[in-house]
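Peer 1: My structure is below; once you've seen it, I'll send some questions.
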Amino acid sequence: MSNKSKKDPYAVLRIPEFRRYVSARLCITLAMQVQAVIVGWQIYDITKDPLSLGLIGLAEAIPSIFVSLYAGYVADMVPRKKIIIVVIAVLLLCSLALLFFTLDISLVLQNYGALPIYGVIFLSGIARGFMGPAVFSFMPQLVPSKQLYANAITWSTTTWQAASLAGPAIGGLIYGFFGVSAAYCTDAVLVLLSLLFFSMIGARALPENANPQNMKDSLRSGIQFVFGNQVILSAISLDLFAVLFGGAVALLPIFASDILNMGPEALGFMRAAPAVGFVLMAVLMAYYPISIDAGKKMLWCVAGFGVCIILFGLSTSFWFSMLLLALSGAFDSISVIIRSTLIHTLTPEYMKGRVSSVNSIFVGSSNEIGAFESGFTAKLMGVVPAVVFGGAMTLLVVGVTAFKADKLRALDLTPEVEHA
């Protein structure tokens, strides 16, 4: 690999199948973000209960956690593209079901309230539990060299966050101006486009495994690998507890409606604000990747995220709240890219599905469980105190991790260290 290739910030985007991959990820993430805004506003409109917003996350997290380890095993045993195609087809059916519930010919919501929506979210949680390890382990198969992993992760996460930026705004605006059925129709079309883009990517054979194992031993080896590596374990633990306590996204409908006295359009922009900061920082990191003292910088950025959450909870200004949410996204961007790079770099190819499943339990489901925690604490102590408490707990987690995880503090991602 030439020095020019290493320094090329667009290196992976010159690979046609990687472009199809990021296009597919853009569409599916847009769809999920559009759906999240619609479901959140719709359920709060039906129930007027902050706990009901937390239950959305719980309805998705429980099945996702339950299937995650098995999904990681499947991703190491079955060609990953096949898994992705089946999962997105299931997500398309879920989107169509949510659309059907809102049509005049359907009396489902009138008869059963929000319960059918929770049922669909539960099913989509199962699908996402299988999708995470498959997508995580499929992406490296589309790039020719480990030296391009950091570049691929940067653009993959940038695409994900760009969709997270646009998706909530699209969902809120369509819901606000054209109604819930139009918003769910947009969701379904985006899922269909993702399915088409993934179908245009060539199949990849599974990486060779020199030590094949039965399912029980295979799952055990994946768990042992993560818990035996202090850098990976401390990085994903840090993200788990930071998101678990510091996430305020589930409560944004309440902030938009009751504290800032705004409508669904404002909710869409507030949901998008963290992605604005994330994307801008990720693009900057494509040109100036972090390598020296990466572990220390990751810790400082998670601390900065916690401070932003505390200040957001205390804010009564829409624009100041937007700024704080954007800054929280910028800090999160650095943490996510560093964590994803070290996991891809330190994990053998044949084990990435299982390691990703453990990572999904720690990090992926922490968003949904964090949503439940936010709704539960808001029910107990009020919305603003709950958000401030969560940000303070994030700072405590950073302090404990910095004290205990000496190898993470010393983490360096320069090429010499990475390929030692």
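No lab work stands behind these numbers, since they all come straight from the coordinates. Worth saying up front: this structure is predicted, and the values here are computed from it rather than measured. Note that we place each Cβ from the backbone using ideal geometry, even for glycine, and neighbour counts take in every protein chain shown.
Peer 1: Which entries in K82/K146; K81/K296; K81/K146; K146/K296; K379/K407; K81/K407 show an alpha-carbon gap greater than 27 Å?
Peer 2: From K82/K146; K81/K296; K81/K146; K146/K296; K379/K407; K81/K407, over 27 Å: K81/K296; K379/K407; K81/K407.
Peer 1: May I ask you to sort M262, M298 by Cβ crowding, counting other Cβ atoms within 10 Å and putting the fewest first? Each step should come with its number before you reach the end.
Peer 2: Working: M262 15, M298 28.
Listed from fewest to most nearby Cβ atoms, that is M262, M298.
Peer 1: Net charge near V87, counting Lys/Arg +1 and Asp/Glu -1 over other residues with Cβ under 15 Å of its Cβ?
Peer 2: +4
Peer 1: What ranking do 136-142, 199-205 get when scored by the average of other Cβ atoms within 10 Å per residue, highest first? If you can, show how the numbers build up before the last one.
Peer 2: On the way: 136-142: 22.4, 199-205: 12.6.
Top to bottom by mean Cβ count within 10 Å: 136-142, 199-205.
Peer 1: Using a ≥ b ≥ c from the Cα gyration tensor of segment 4-134 (square roots of the eigenvalues), is it rounded, prolate or oblate, where a/c under 1.5 gives rounded and otherwise the larger of a/b and b/c decides, a/b for prolate?
Peer 2: Details: a/c = 2.29, a/b = 1.86, b/c = 1.23.
Note, shape of segment 4-134 comes out prolate.
Peer 1: So what is the orientation-averaged projected area of the chain, using the convex hull of its C-alpha atoms, in nm²?
Peer 2: Average projection, Cα convex hull of the chain: 19.1 nm².
Peer 1: I need the shape label for segment 248-331. Rule: rounded when a/c is under 1.5, else prolate if a/b > b/c, else oblate, with a, b, c from the alpha carbon gyration tensor. Show your work: numbers first, answer last.
Peer 2: Numbers: a/c = 3.37, a/b = 1.99, b/c = 1.69.
Prolate is the answer for segment 248-331, as a/c is 1.5 or above and a/b outweighs b/c.
Peer 1: Can you work out the FRET efficiency for the pair I223 and D49, with r the C-beta to C-beta distance and R0 = 30 Å, to the nearest 0.05? Present the calculation step by step, with values, prior to reporting the outcome.
Peer 2: Working: r = 37 Å, r/R0 = 1.24.
It comes out at approximately 0.20.
Peer 1: Here's another thing I want to ask about it. Quote to one decimal, in nm, the extra length available between L173 and K146 on full extension: 0.36 nm per residue of separation minus the C-alpha distance between them. Mind showing how you got there, number by number?
Peer 2: Working: separation 27, 0.36 × 27 = 9.72 nm, distance 4.07 nm.
That works out to 5.7 nm of additional length.
Peer 1: So, one more: List every DSSP H helix in the chain whose Cα atoms extend 20 Å or more along the helix's own long axis and whose mean Kyte-Doolittle hydropathy is at least -1.0.
Peer 2: Qualifying helices: 16-47, 50-77, 80-102, 115-138, 149-178, 180-199, 230-246, 264-287, 294-314, 318-346, 365-381, 383-404.
Peer 1: Turning to a different aspect of this structure: How much length is gained if the chain between L346 and A182 is pulled fully straight, taking 0.36 nm per residue apart and subtracting their Cα-Cα distance, in nm to one decimal?
Peer 2: On the way: separation 164, 0.36 × 164 = 59.04 nm, distance 4.43 nm.
Here the answer is 54.6 nm.
Peer 1: Based on the Cβ-Cβ distance of R409 and Y287, what FRET efficiency does E = 1/(1 + (r/R0)^6) give at R0 = 22 Å, to the nearest 0.05?
Peer 2: 0.25
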